[in-house]
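All remarks here apply to the structure that follows.
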Amino acid sequence: MVTLSTLLSHNSLSSPELSTKRHGCPLHQPMLPPLSTELNRCERAFVGNTIGQANGVYDKPLDLRFCDYTNEKSNLKGKSLTAALMLDAKFDGADMSEAVMSKAYAVGASFKDTDI
């Protein structure tokens, strides 16, 4: 089983598990920073990237990995999620109208019935 810590360790780069497929595509994981330990890391999406630049510059990573925003109808509307780490997050049924997600990394994220 491949875990996030396995993928991020430097010793796993030659692992044969990296050539397995996910969602029908070869798995090529970039080196990501460790998962944030902030207690409110998922709620940071409701504020967004406060610098507000579409080029991905940020004061600290917007780490939304594995967060669940299912049916969130008001707090994601019009937010800047530029350069957000959204790996395996759930946005099913959320209203993300006018949200900006340029340079976001959303591999495995779910956007079923999401208003984008």
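The values are calculated or read from the model by the stated rules, or taken from the named source; none is laboratory data. From a predicted model like this one, the values you see are computed outputs, not experimental measurements. Note that each Cβ is placed from the backbone with ideal geometry, even for glycine, and that neighbours are counted across all protein chains shown.
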Filtered residue count, the range 65-102, keeping only those that are basic (K, R) and within 14 Å of C42 (Cα to Cα): 3
Every pair of residues 6+ apart whose Cβ atoms lie under 6 Å, when the first sits in the range 28-44 and is surrounded by 15 or more Cβ atoms within 10 Å (Cβ to Cβ) while the second is modelled with pLDDT of 90 or more and not in a loop (DSSP other than H, G, I, E, B): S36/D63; R41/D63
